[in-house]
Amino acid sequence: MNINYLDGEDVRRHLTMTACIELMADTQAAISRGEITLPLRHVLPLNGQDNSLLIMSGEITKQEVFGAKLISLFPGNPSRGKAVIQGGILLFDNVTGSAIVLVEASSITAIRTAAASGAATRVLAKPDSHRLAILGCGVQAATHLQAMLEVRPIDEVRIWGRSFEKAEAFVTQHSSAVGSTTLFATPTVREAVADVDIVCTVTGAHKPILEGGWLASGVHLNLVGAHDAKSREVDGETLRGAQIFTEVSEFAWAEAGDILLALEEGAIGKSNIVAEIGEVFNGRLPGRKSRADKTVYKNLGNTAQDLTAAFYVYNKTRS
């Protein structure tokens with residue numbers, strides 16, 4: 001059996017951030033309409049470390065494709081010069097059951113995760129949002145920078161990392177790509193988020209790095225880094241009074257530690273969790289209602305995003 005293979009260069013050549021933002025909005029809308037089958041992912045911890053194996057499957061009925069994403073997650077890889085995520089996305093034809101293509105997963109994940117945040121930011125952040133804080137300075141920081149610039153008139157970006165030197169290196173690396181937008185590193189999270197309109201948390205933190213008392217009124221947050229029930233990047237105060245939107249409700253109740261731990265502490269109630277973001281994309285619910293709203297998008301990622309992005313790249317290479 002011969003299976004086509006598309007590598008990271010194929011993905012980056014064909015999956016632009018602009019196209020992927022639209023694709024993620026359409027995908028999340030389809031999820032909320034019940035058009036996509038998504039079982040919970042299986043996570044296998046490895047060697048008692050932070051390393052893990054993730055197996056995620058799904059079916060996209062409208063596109064007549066199903067498949068699975070099989071990846072390893074090794075947080076220590078950047079020190080080895082490798083991406084944290086290693087693996088592939090295997091797509092099958094829904095008519096014949098034949099495997100049709102294997103797509104490199106790290107590049108898909110980097111783009112589609114940020115694109116999903118971009119799509120959510122487009123409907124939840126204030127239209128004139130112009131100050132952005134990115135907490136983290138890895139791959140997702142780079143793609144989130146790109147996504148936020150696509151959807152809002154950002155003229156100032158603050159970068160924070162656990163290593164100030166790495167944050168400064170990020171600024172040096174990416175300043176030339178952001179045009180007239182000012183990009184600079186900050187030594188503390190508090191300085192990074194003071195008076196900003198949008199915050200993206202893209203760290204590997206297991207405990208809160210962000211306190212709600214540091215945030216301005218009307219802020220929008222994309223919470224991205226934490227992806228299990230016991231990990232969180234923000235404290236309960238950050239979510240207090242917020243309008244919270246999830247990707248897939250079932251997944252959030254199982255894996256969104258930022259939300260689950262805030263509920264456990266009593267900082268928020270279930271009424272704070274408005275709906276899946278797909279309900280906003282479908283036009284069934286409004287996004288931001290007023291300038292003073294604090295809005296939150298909990299970005300866990302899901303296989304539907306991977307499958308639709310991989311299928312998009314596959315079709316682009318065929319044409």
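Residues of the range 120-138 falling in the label zone of Thr182, defined by backbone nitrogen less than 19 Å from a point 7 Å along Cα to beta-carbon, are 128-135.
Ranked by Cβ crowding within 10 angstrom, fewest neighbours first, how are Trp253, Trp214, Trp160 ordered?
Trp253, Trp214, Trp160
Counted by Cβ distance under 12 Å from Leu23, the other residues give a net charge of -1, where Lys and Arg count +1 and Asp and Glu count -1.
Shape of the range 232-319 from the C-alpha gyration tensor: prolate (a/c of 1.5 or more and a/b above b/c, with a ≥ b ≥ c the square roots of its eigenvalues).
Residues whose amide H falls under 5 Å from that of Ala68, counting only those 5 or more places apart or on a different chain, are Leu90, with hydrogens built in the peptide plane. A straight chain from Gln86 to Arg284 at 0.36 nm per residue would run longer than the Cα-Cα distance by 67.6 nm. Each Lys and Arg contributes +1 and each Asp and Glu -1, all at the Cβ; summed about the Cα centre of the chain, the dipole is approximately 180 debye.
The ellipsoid equivalent to the alpha-carbon distribution of the chain has semi-axes of 29, 22, 20 angstrom, derived from the gyration tensor eigenvalues as √(5λ) and listed largest first.
When you count, for each residue, the other Cβ atoms within 10 Å and take the mean per peptide, how do 180-186, 26-32 rank with the highest first?
Result, highest mean Cβ count within 10 Å first: 26-32, 180-186.
At an R0 of 41 angstrom, the distance between the Cβ atoms of Asp195 and Ser319 translates into a FRET efficiency of 0.35. With the charge dipole of the chain set up from +1 on Lys and Arg Cβ and -1 on Asp and Glu Cβ about the Cα centre, the Cα lying farthest toward the positive end among the listed residues Ser129, Pro45, Ile55 is that of Ser129. Phi-derived couplings, Karplus 6.51 cos²θ - 1.76 cosθ + 1.60 at θ = phi - 60°, listed residue by residue for the range 246-254: 9, 8, 10, 4, 4, 5, 4, 5, 9 Hz, with x used for Gly and Pro. For the range 98-240, the Cα-based Rg and Dmax, in that order, read 15.0, 53 Å. Ranked for footprinting exposure by Cβ neighbours inside 10 Å, fewest first, Val224, Val274 give Val274, Val224. Less than 5 angstrom separates the built amide H of Glu59 from those of Thr37, all sequence-distant by 5 or more or on a different chain. A simple spin-label model places the labels of Ala19 and Lys270 4.2 nm from each other, with each point 7 Å out along Cα-to-Cβ.
When +1 charges are put on Lys and Arg Cβ atoms and -1 charges on Asp and Glu Cβ atoms, the dipole computed for the range 80-179 relative to its Cα centre reaches about 240 debye. The gain in end-to-end length when the Arg33 to Asn77 segment is fully stretched comes to 12.1 nm, 0.36 nm per residue minus the alpha carbon separation.
When the helices of the chain are scored as -39500 (n - 2.57) per DSSP H run of n ≥ 4 and the total is divided over every residue, the value at 222 nm lands at -10500 deg cm²/dmol. Among 116-122, 236-242, sorting by the average number of other beta carbon atoms lying within 10 angstrom of each residue, highest first, gives 116-122, 236-242. Charges were assigned to the Cβ only: +1 to each Lys and Arg, -1 to each Asp and Glu. The resulting dipole of the range 125-302 about its Cα centre is roughly 220 debye. Taking other C-beta atoms within 10 angstrom as a stand-in for reagent exposure, His42, His144, His174, His206 fall in the order His42, His206, His174, His144, fewest first. The GluC sites (Glu not before Pro) found in the range 57-114 that occupy coil by DSSP, while having at most 15 further C-beta atoms within 10 Å, are Glu64. In the chain, a dipole from Cβ-located charges (positive for Lys and Arg, negative for Asp and Glu) runs towards its positive end, and of Ser117, Ile268, Ser175 it is Ser175 whose Cα lies farthest in that direction.
Which of rounded, prolate or oblate describes the range 1-143 when judged by the alpha-carbon gyration tensor and an a/c cut-off of 1.5? Oblate shape, in that a/c is at least 1.5 and b/c is the bigger or equal ratio. Take the Cα coordinates of the range 195-257, assign each an equal point scatterer, and use the Debye formula without solvent to give log10 I(q)/I(0) at q = 0.15, 0.19, 0.27, 0.28 Å⁻¹. Log10 of I(q)/I(0), two decimals: -0.44, -0.71, -1.35, -1.41. Label separation (Asn47 vs Ala216): 4.5 nm, computed from points 7 Å beyond Cα along the C-beta direction. Where both bridge residues fall in the chain, DSSP classifies roughly 50% of the beta bridges as antiparallel.
Where the convex hull is taken over the Cα atoms of the range 85-152, what is its projected area averaged over directions, in nm²?
6.0
Read-outs: derived from the displayed coordinates by stated rules, not from any lab. Quick caveat, the model's predicted, so the values are computed rather than measured. So basically every Cβ, Gly included, is an ideal-geometry build from the backbone, and we count neighbours across all protein chains shown.
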